[in-house]
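The values are calculated or read from the model by the stated rules, or taken from the named source; none is laboratory data. All values derive from a computational prediction rather than experimental measurement. Positions of Cβ are generated from backbone atoms using ideal geometry, with glycine treated the same way; all protein chains shown enter the neighbour counts.
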Amino acid sequence: MCSIVFDAEVVVPPSHLNVAFFEEVLETALRTARVQLLAIHIRMGSSTGENYCSQIYRAKVSFKRPDHPEQQMVFIVKSIPRQDSVEFIEDLEVYLKEKITYTEVLPRLELMMQCKRRFGPKLYQCIKEPESTLVFEDMGQVGFKMASRELGLDEEHCQLVMERLAEFHATSMVLAVLDPHIFDAYTDGMLSPRGLAKDDGLLMRFFAGNGKELHNLVGSWPGFERIAEKIGKYMQNQRANLERSQAPQEKEIKVLNHGDLWVNNLLFKYDTAQRVQDLILIDFQLSVWGSPGIDLNYFFYTSLTLEVLRHRRSQLLRSYHAKLAKTLLNLDLGVPVPSYEQILEEVHRREAYGFFASYGIFPTVSQDKAQTADNNLENFKDEDFANHKVRQMFESRRLAETLRYSLPYFERAGVFN
């Protein structure tokens, strides 16, 4: 008889994560039904406050096959709750999008790269009832791990991200030619009108709270009076400005954007000297078909150290373009290769998306880990809690230093006009 044990930190053990569920997961992973489960141990798979839209568990499964000794496999289980507080998850169909990405899109992109490149982990199981749940291979078992969101990524990490992102974007451009309807489900991203439609919806309340706190903070800085005034006017039409920053534009280059490309959605692998060697992407639930400027700006203003953002931005874009061009030429399926100037134009047209990332997302990213233990979407429903957390986020020294650099840049780029 197989035993199943939940760690004490799993406060409400999900009833659907039972023996029968993991039997099917294991059969898919091993490609055989001749397997006997012996024990299942489930613990939380991420630190509290590091995931907002889902619950992550790590399941260690002990099993036996005929003529094999006892073995173990570890799986990452991602459950997406059905709660009123996260209604935008239903609005944006994140479960469906992620299922399509892992079952249809990523395998085809990896085949185009002749299986020399992994873009994401393997998906072993997905169910919609009683709770949307996906089960992945645990990439930590093969040496992949997260970098520090609090410190930000150095140039070496960022160069690798640019190369892998370019390959991901380029292969998606080719796949769209081969299968013109493959990305029909990717019209909604983080700033979709459907997700921002309700004034009392969680996303709009969160971004509005951040916008108000940004205005207050910048208004207290000597020499930033003009920018503070422009930010105030920008926030008077915040929803329209947010929607416009992601909305499709005529004649733009289109790629499959990851849509939430920040440091915690990147897993890195290192050699024995701790030099970064490889990376994969995780969490495709907010992916969107549109300009590469969406991913590039979002990544720049959520995940880089200030030193890299200030001094190496153009070199990173050069690396991105070089790998994008090389990948498209190697695939040799007639997709036009954008010039470097075209990529710069895409990034420039989406500077407003970078501004959104800098005040809507980066304050949470740069928050001290000791302050994030109670960060979850359910708690953010409470207005007093949300106001306290927003003030706390905007006290970050890293945030202030980055904004003092980036806001004048956004002003020169015409974001506030």
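Which residues, taken from region 145-165, are within 16 Å of the chain's Cα centre (by Cα) and either under 21 Å from residue 330 (Cα atoms) or in a strand (DSSP E or B) (or both)? If the condition is that a residue be within 16 Å of the chain's Cα centre (by Cα) and either under 21 Å from residue 330 (Cα atoms) or in a strand (DSSP E or B) (or both), then 145, 153, 161, 162, 164, 165 are the ones that fit. Report yes if residue 276 is surrounded by fewer than 21 Cβ atoms within 10 Å (Cβ to Cβ) and of a type in the set (Val, Ile, Thr), otherwise no. In short, yes.
Any chance region 307-315 includes a residue that's out of contact with any Gly (no Cβ under 8 Å at 6 or more places or on another chain), closer than 17 Å to residue 252 by Cβ and either part of a helix (DSSP H, G or I) or touching a residue at least 24 places away in the same chain (Cβ under 8 Å) (or both)? No, because not a single residue in region 307-315 is out of contact with any Gly (no Cβ under 8 Å at 6 or more places or on another chain), closer than 17 Å to residue 252 by Cβ and either part of a helix (DSSP H, G or I) or touching a residue at least 24 places away in the same chain (Cβ under 8 Å) (or both). Looking across region 299-340 at every residue that is within 24 Å of residue 356 (Cα to Cα) and among the polar types (S, T, N, Q), the one that is surrounded by the fewest Cβ atoms within 10 Å (Cβ to Cβ) is identified as 314.
On inspection, residue 68 passes the criterion of being assigned to a loop (DSSP other than H, G, I, E, B) and at pLDDT below 90. Selection over region 377-400 of residues that are buried (at least 18 other Cβ atoms within 10 Å of the Cβ) and at pLDDT below 75 gives a count of 2. Take the residues of region 1-43 that are β-branched (Val, Ile, Thr) and over 27 Å from the mean Cα position of the chain (by Cα): which is nearest to residue 69 (Cα to Cα)? Per the criteria, the residue is 35. Taking the criterion of being farther than 23 Å from residue 185 by Cα and either in contact with a Gly (Cβ under 8 Å, 6 or more places away or on another chain) or in a strand (DSSP E or B) (or both), the residues of region 235-250 that qualify are 235, 238.
For (1) modelled with pLDDT of 95 or more; (2) over 22 Å from residue 96 (Cα atoms), each residue gets a yes or a no:
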residue: 164; (1), (2): yes, yes
residue: 169; (1), (2): yes, no
residue: 185; (1), (2): no, no
residue: 219; (1), (2): yes, yes
residue: 226; (1), (2): yes, yes
residue: 231; (1), (2): yes, yes
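Residue pairs whose Cβ atoms lie under 8 Å apart, sitting 6 or more positions apart in sequence or on different chains, and linking a residue in region 338-352 that is assigned by TED's automatic domain parsing to the domain that holds residue 297 to a partner that is in a helix (DSSP H, G or I) and of a type in the set (Lys, Arg), are 340/318; 352/244.
Under the condition of being part of a loop (DSSP other than H, G, I, E, B) and among the hydrophobic types (A, V, I, L, M, F, W, C), the residues counted in region 280-306 number 3. Being assigned to a helix (DSSP H, G or I), among the aliphatic types (A, V, I, L, M) and buried (at least 17 other Cβ atoms within 10 Å of the Cβ) is the requirement here; does residue 253 meet it? No.
Anything in region 256-279 that is over 24 Å from residue 180 (Cα atoms) and part of a loop (DSSP other than H, G, I, E, B)? List them, or say none.
As a first pass, look at region 256-279 and keep what is over 24 Å from residue 180 (Cα atoms): 261-279.
Answer for region 256-279, where residues must be over 24 Å from residue 180 (Cα atoms) and part of a loop (DSSP other than H, G, I, E, B): 261, 262, 271, 272, 273, 274, 275.
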